[in-house]
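No value in this document is a laboratory result; all are computed from the given coordinates. Note that this is a predicted model, so its numbers are computed, not measured. Quick reminder, even Gly has a Cβ in these numbers, built from the backbone with ideal geometry, and neighbours come from all protein chains shown.
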Amino acid sequence: MKLAAGSDHAGFSIKEAVVRRLRAQGHVVVDVGTTDGETSVDYPDFAHAVGGMVERGEAERGLLVCGTGLGMCMAANRHRGVRAAMCTTPHLAEMSRRHNDANVLCLAGRILSEEEAWGVTEVWMATPFEGGRHAGRVELIEGEGQGA
Ligand code: RB5
């Protein structure tokens, strides 16, 4: 799968670790930065870079990491067609895929350990969208279609 990934300084080390593991699994990851954990940067710049790539179909999915995952999620969700979910547990990751067809995963770099972040990501990558009654609801997020 082709993904776009980005972080600010607070999410840098977790972004690096998760991207490394995704690539080891054979995924293609376009890393939009940031490039170190020391220089303070603005998380919306990276959220918009990744959100824009998903919106334009240049990446199937996105990964964003900041300190809490919250700011990244807010900014990415401004993009049409982006359904960004901030997940702190494998269960939330599973449900964000199964029911909400989330296409951007936002992680909390200052809260999750590397192993916890990878556990969330692995489940998120592996879980399919259930479709069915959830498909109409997901369309309603964009203001299209009828709920089921
Ligand atoms: C940076 O200090 C922090 O505000 C940012 O990483 C993120 O948590 C914002 O939502």
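For the chain, the dipole from Cβ point charges (+1 on Lys and Arg, -1 on Asp and Glu) about the Cα centre works out to 360 debye, to the nearest 20. Helix 114-126: angle to the longest alpha-carbon principal axis of the chain, degrees 0 to 90, nearest 10? Helix 114-126 sits at roughly 30 degrees to that axis. Our coupling estimate for region 58-74, obtained by passing each phi through the Karplus curve with A = 6.51, B = -1.76, C = 1.60 and θ = phi - 60°, is 7, 9, 6, 9, x, 10, 10, 10, 10, x, 10, x, 6, x, 4, 5, 4 Hz, Gly and Pro reported as x. Along the axis of the charge dipole computed for the chain (Cβ charges of +1 for Lys and Arg, -1 for Asp and Glu, origin at the Cα centre), the listed residues A59, T35, S113 are led at the positive end by A59. In plain terms, the chain is cut at each of the GluC sites (Glu not before Pro) found in a DSSP loop with at most 14 other Cβ atoms within 10 Å, and the longest leftover piece is 61-129. Cys residues of the chain that find no other Cys beta carbon under 4.7 Å: C66, C87. Using a 10 angstrom cutoff on alpha carbons, build the Gaussian network for the chain and name the most mobile of G136, G71, G33. In the Gaussian network model the winner is G136. From helices alone, the chain scores -13000 deg cm²/dmol at 222 nm; the rule is -39500 (n - 2.57) for each run of n ≥ 4 DSSP H residues, then divide by the residue total. When only the Cβ of Lys, Arg, Asp and Glu is charged (+1, +1, -1, -1), the dipole of region 16-71 relative to its Cα centre reaches about 320 debye.
Helix 43-55 and the longest principal axis of the C-alpha atoms of the chain enclose an angle of approximately 40°. Taking the longest Cα principal axis of the chain as reference, the axis of helix 12-24 is set at about 70 degrees. Net charge dipole, region 39-94: roughly 160 debye, given to the nearest 20, about the Cα centre with Cβ charges of +1 for Lys and Arg and -1 for Asp and Glu.
Dividing the convex hull volume of the alpha carbon atoms of region 25-136 by its residue count gives 104 Å³ per residue. For region 1-24 versus region 90-148, the inter-centroid distance based on Cα atoms is 17 Å.
Once backbone amide H atoms are built at 1.01 Å from N, A59 has V54 as its partners under 5 Å, excluding neighbours fewer than 5 places away on the same chain.
Fewest-first ordering of T68, T89 by other beta carbons within 10 Å of each residue's beta carbon gives T89, T68.
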